[in-house]
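> Quick one: this structure, given as structure tokens, is what I'll be asking you about.
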Amino acid sequence: MNYIFHKGSALSRRVVLALLDTCCFAAAAAVRYLLEILCGVDIAVSVAKTAGSLAILFVCMLLGRLAARTYFCVWRYAGSRQYLKFMAVDAASMIAGSAVVFFVFGNAGLSLWQSISVGLMSSMISLSGRLLYQYIYRVSDDSRDVSADEDRADRIKVAIIGAGRVGCLLAEELTLNKSSNYMPICFVDTDATKIGSRVGGLPVYAEGPDVLNRLIKSGVQEVFIALPKLDGEKLRDTMDFYGRTGCRIKVYALPSDTVDSSESGRRVIRDIRIEDLLFRKSHEDECAQMGEFYRGKTVLITGGGGSIGGELCRQLVKRGVGRLVIFDIYENNAYDIQQELKTVHENADIRVEIGSVRDIKRLETVFAKYRPQIVFHAAAHKHVPLMEYSATEAVKNNVFGTLNTVLVSEKHGVEKFIMISTDKAVNPTSIMGATKRICEMIVQSSGRCGTVFSSVRFGNVLGSNGSVIPIFKRQIEAGGPVTITDKRIIRYFMTIPEAAQLVMTAGAMAKDGELFVLDMGKPIRILELAENMIRLYGYRPYEDIDIVEVGLRPGEKLYEELLMKNERLTKTENDMIFIEKDTPQDISTIEEKLSALASAVDAAEESGDMSVVKAAVRAAVPTFCDAEEINACASDAQEMKDAMTV
């Protein structure tokens, strides 16, 4: 029998099921015959009519099961819905069959209701027989699989956090799946009604200090979090608690959602992602008009191969832009994003143009060729320490590259120009931050030829090229140590998709000259981020992998100033986007500053003395501050105090 069900064809399995059903029905027929006699039916009459009655009932039962496709169901994996459906179909078939028998053969001493009752009772016997042999097969089959799997010594022992519906489904999947590399050992839960009992054959332990030693003694190697709704703060606490075991921690969640996702959808076991370390809900709202605003238009993105530029490409293609032009100096990144998008969106019109924003002639050629309607300016040198030593390159690329793109956009009638800025432009302490502040000034003073110019300012993005997350990842994979500049340092973070979507939303809102500011949420301590990343890899901070303080780099602040504290901010229709009421500088003032910067760059390139450029940058940005002065008073800053309360 097992050979037929495991090795036989689908047809042979269905034939066997039908034969077993016939045997069950024969047993039920015998009981029906006895029931009819007990109800006072004349034996001679009953014998005469039994054959016809049974034939009708059997045909009705068989037709009902065929109509409900019960023979096409893999009963080993059937759930409660399939069993309820099966029972309902059999009951309906027997009621119909009994009624037919009553009207064809007469009452034979039974009323209609007696005939139906006898039919239902015999149907229950037949159904019970069917369910019994299915249950025996399922239990024996599961036992065979489990015993076979238990012989595999290489299975990873796991503890499941949460003994609810989600956790039970996960445990069953891991236990019965022959290809699974995991073996569940126990549940951990806070529900007093479950603690001390067994769920699905696994013990349920109480969450508390004692459970950590119990998990270690049980040989648990990984911990799976199977809670249906888990916000960022709860995830952090859970990860901190179970991270003490030294186990690798994963979540059982929807693959495309953060850990606070709903219960619907197909869940998978996955590592806790960088986005989860943000410890706040990722906002992906968009203004009502955003979806239609970009549809069918030609959009050009400078720096389109970078982290933000690349994500803007993905989001725009998904929303049906007419043509996407990726403009970047680094051909590898530009090619990669083009191929990625072509794979997913075969019919999308995606062009790649290689060039630098510092080359205005190249910009002229590209803009004349494609006539873009929307321009996202994401090209920039962004690394703070590197720009301190290469100040001339920061000015040429960030300041004059932005100026070139602005001028060409105006000349070719671009409808909207949106520049990507940074929180480091707020009271900057570095050359990079100061050059981005000058870029904001240029954008705000433009727009005399009908083009709408705007800037969007936000903080760090998780996982972007050159950011702290990839650096920590490489250091952990190399065995450590993990290096941070200062254990007090804090930063504001946002996910790349969230930042790109909010930039697009702000672009759709832009009317002229606005400086949009994105709400970055609460600050995150970089030390805490490093500790949690080490735990995610199954290591213990300071024991398995050390964290080393290497000192602040030139121009680096202990904290970035909170963008949302400015009293001049006004709300927009999107709760995550605000507008800073910054008075644009006169165009003649901007031109004087740019002329001084150009002269300083020429002088620095002749003499090799970067101090000339740095002095010109300081003069162009009145809010420029010394990093040492800011860091000396960091303990009194509200941003640092907020980080300690997160």
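The values are calculated or read from the model by the stated rules, or taken from the named source; none is laboratory data. Remember, it's a predicted structure, so these values are computed and weren't measured experimentally. Positions of Cβ are generated from backbone atoms using ideal geometry, with glycine treated the same way; all protein chains shown enter the neighbour counts. All accessible areas refer to the heavy atoms of the entire protein, side chains included, with ligands and DNA or RNA removed. Shrake-Rupley method; radii C 1.70, N 1.55, O 1.52, S 1.80 Å.
> Quick one: 3J(HN,Hα) in Hz for the stretch 515-523, Karplus 6.51/-1.76/1.60 with θ = phi - 60°, rounded, Gly and Pro as x.
Whole-Hz 3J(HN,Hα) from phi for the stretch 515-523: 10, 7, 10, 9, 6, 8, x, 8, x.
> Net charge within 14 Å of ALA600 by Cβ-Cβ distance, Lys/Arg positive one each and Asp/Glu negative one each, not counting ALA600 itself?
The answer is -2.
> What do you reckon, how do ARG314, ARG488, ARG457 stack up by accessible area (1.4 Å probe), largest on top?
Accessible-area ranking of ARG314, ARG488, ARG457, largest first: ARG488, ARG314, ARG457.
> Net charge near THR429: determine it from the other residues with C-beta under 9 Å of the C-beta of THR429, scoring Lys and Arg +1 and Asp and Glu -1.
-2
> How much accessible surface does ILE195 have with a 1.4 Å probe, in Å² rounded to 10?
Using a 1.4 Å probe on the heavy atoms, I get roughly 60 Å².
> I'd like the accessible area for TYR542: 1.4 Å probe, protein heavy atoms, all chains in place, Å² to the nearest 10.
Using a 1.4 Å probe on the heavy atoms, I get roughly 100 Å².
> Leaving ligands, DNA and RNA out of it, work out the accessible area of GLU207 with a 1.4 Å probe and give it in Å² to the nearest 10.
We get 70 Å² for GLU207.
> Could I have the simple spin-label model distance between LEU176 and GLU340, label points 7 Å from Cα toward Cβ, reported in nm to one decimal?
So the two model labels end up 3.8 nm from each other.
> Provide the FRET efficiency to the nearest 0.05 for the ARG618-ASP586 pair, computing r from the beta carbons and using R0 = 30 Å. Present the calculation step by step, with values, prior to reporting the outcome.
Values: r = 20 Å, r/R0 = 0.67.
Calculated transfer efficiency: 0.90.
> On to the next question. Extending each Cα 7 Å along its Cβ direction at ALA67 and GLU605, get the distance between those two points in nm, one decimal.
So the label points at ALA67 and GLU605 sit 8.6 nm apart.
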